[in-house]
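First comes the structure, then the notes that go with it.
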Amino acid sequence: MPNFWRELSKPIFALAPMEDVTDTSFREVVAGLSDPQYLQVLFTEFTSVDGMNHPKGKIKVAERLFVSESEKSLLKQKNIRLVAQIWGNKPELFHKIAREITDEYEFDGIDINMGCPVKNVVKNGCCSALIDQPTLAKEIIFAAKEATHLPVSVKTRTGIRSHDTEVWIAHVLETKPAAIILHGRTQKQQSDGLADWEEIAKGARMRDQINPDTQFLGNGDVFSVSQGEELITRYGLDGVMIGRGIFHDPWFFNPLPLTPSKSGKLAQLLLHTKLYEQNWGGKKNFNQLKRFYKIYTNDFPGAALLRAELMESKTYEEVYQVVNAFKKELPLPEGNGNS
Ligand SMILES: Cc1cc2nc3c(=O)[nH]c(=O)nc-3n(C[C@H](O)[C@H](O)[C@H](O)COP(=O)(O)O)c2cc1C
């Protein structure tokens, strides 16, 4: 059985699954900027197994699993793995959809979301609500594992109302998942406060005792590669997963001695827009792209003004025009996007 998690060089760095963020376009931008030593695993946005099973809803939901040809070839070239993340609460649907993902797509792994704290999903007993339902949670993991030869991982939190890390992680480990990614917050905390890395370390120690073959990654508030490396060493982990850190620095996984140039940032902004247009055209809301413009327009003269203009844009064409006009007004030094 292929289990890429075991083949990865340590320490492992992964980009977190993020809804409306980690689509094929953004993953391709990040992969293009990253040193594969520091970015080994990417995840899709979370994808509902009920949605995938719905005769009409499926087309829309399956967009979350779309991988463009250009992303595929880039990931292959850089040897970066791609994992499909799924969620729900019915073991039989996990079985069905895990099989479908295995047979009809080309992912390297399947991840089960047992961490999302959003009201709409937890009120239906899905995602982090499964922490309170360990028997069902285990049935779900076993069902997915039975349906696929791909490695199955679990991304979760430390508890519901308070940390219950050791008890909960011991349950998950009974299913021998290929990897566990533990976000050091409870469901109740949502994104508040700080992730508790002592709790993450407790989870890693359970792994050492119960199933040393499971790779163990910590998640929460990592904002640089060096911070990630330090946490991995200090808490006995195999790796870390980075979420919001990528908004602070799209070059996150390529620690450079120099900060990226203006031309490098604008080239990435244009590339991201082009890829988004090619992949989605009118299918997805154009305005979703605007949240990304902040990450490419900072720390150079005129950045705030450019950002404000981009926020007003209504079409892809307007974005190209605004950025190209800005480039003409403020001649930029040549750059290759990485300098
Ligand atoms: C915009 C956004 C969307 C997210 N969507 C998902 C998701 O689809 N699946 C998931 O498991 N976690 C999701 N998360 C949680 C992140 O994967 C991660 O666990 C969390 O942001 C903590 O990591 P960080 O401190 O590095 O950001 C999302 C987070 C953000 C900010």
> Restricting the search to the range 27-44, which residues are in contact with a strand residue (DSSP E or B) (Cβ under 9 Å, 6 or more places away or on another chain) and crowded, with 19+ Cβ neighbours inside 10 Å?
Replying inline: Arg27, Val30, Ala31, Ser34, Leu39, Gln40, Val41, Leu42, Phe43, Thr44
> Applying the selection to the range 1-29, what residues are under 17 Å from Asn254 (Cβ atoms) and touching an Asp or Glu at 6+ places or on another chain (Cβ under 8 Å)?
Replying inline: Pro11, Ile12, Arg27, Glu28
> Name the pairs whose Cβ atoms lie under 8 Å apart, with the first residue in the range 169-198 and touching a residue at least 24 places away in the same chain (Cβ under 8 Å) and closer than 24 Å to Phe13 by Cβ, the second within 12 Å of the ligand (Cβ to nearest atom) and part of a helix (DSSP H, G or I), and 6 or more positions between them or separate chains?
Replying inline: Leu182/Ile200; Gly184/Trp197; Gly184/Ile200; Trp197/Leu231
> Is it the case that the range 210-233 has a residue that's surrounded by 14 or more Cβ atoms within 10 Å (Cβ to Cβ), under 24 Å from Trp251 (Cβ atoms), touching a helix residue (DSSP H, G or I) at 6+ places or on another chain (Cβ under 7 Å) and of a type outside the set (A, V, I, L, M, F, W, C)?
Replying inline: yes
>> Six or more apart or on different chains, Cβ atoms under 6 Å: show the pairs whose first residue is in the range 237-262 and free of Cβ contacts under 8 Å to residues at least 60 places away in the same chain and whose second is of a type in the set (Phe, Trp, Tyr) and within 16 Å of the ligand (Cβ to nearest atom).
In response: Gly245/Phe223; Gly245/Phe252
>> Return the residues of the range 15-42 that are in contact with a Gly (Cβ under 9 Å, 6 or more places away or on another chain) and either within 11 Å of the ligand (Cβ to nearest atom) or assigned to a loop (DSSP other than H, G, I, E, B) (or both); say none if nothing qualifies.
In response: Leu15, Ala16, Pro17, Met18, Val21, Tyr38, Gln40
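Can you find a residue in the range 279-289 that is more than 16 Å from the ligand (Cβ to nearest atom) and touching a Lys or Arg at 6+ places or on another chain (Cβ under 8 Å)? Please lay out each step first, then the result.
Initial filter on the range 279-289 (more than 16 Å from the ligand (Cβ to nearest atom)): 279-283, 286.
Then drop every residue that is not touching a Lys or Arg at 6+ places or on another chain (Cβ under 8 Å), which leaves 286.
Checked against the condition, which is being more than 16 Å from the ligand (Cβ to nearest atom) and touching a Lys or Arg at 6+ places or on another chain (Cβ under 8 Å), the range 279-289 yields at least one hit.
Quick one: is Ile112 aliphatic (A, V, I, L, M), more than 16 Å from the ligand (Cβ to nearest atom) and under 22 Å from the mean Cα position of the chain (by Cα)?
Details: aliphatic (A, V, I, L, M): yes; more than 16 Å from the ligand (Cβ to nearest atom): no; under 22 Å from the mean Cα position of the chain (by Cα): yes.
No, not satisfied.
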>> Cβ contacts < 9 Å: first residue of a type in the set (S, T, N, Q) and buried (at least 22 other Cβ atoms within 10 Å of the Cβ), restricted to the range 135-155; second residue part of a helix (DSSP H, G or I) and modelled with pLDDT under 95, any location; separation 6+ or different chain. Result?
In response: none
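The values are calculated or read from the model by the stated rules, or taken from the named source; none is laboratory data. The model shown is predicted, which means the values in this text are computed figures rather than measured ones. Heads up, the Cβs are rebuilt from the backbone with ideal geometry, glycines too, and the neighbour counts pull from every protein chain shown.
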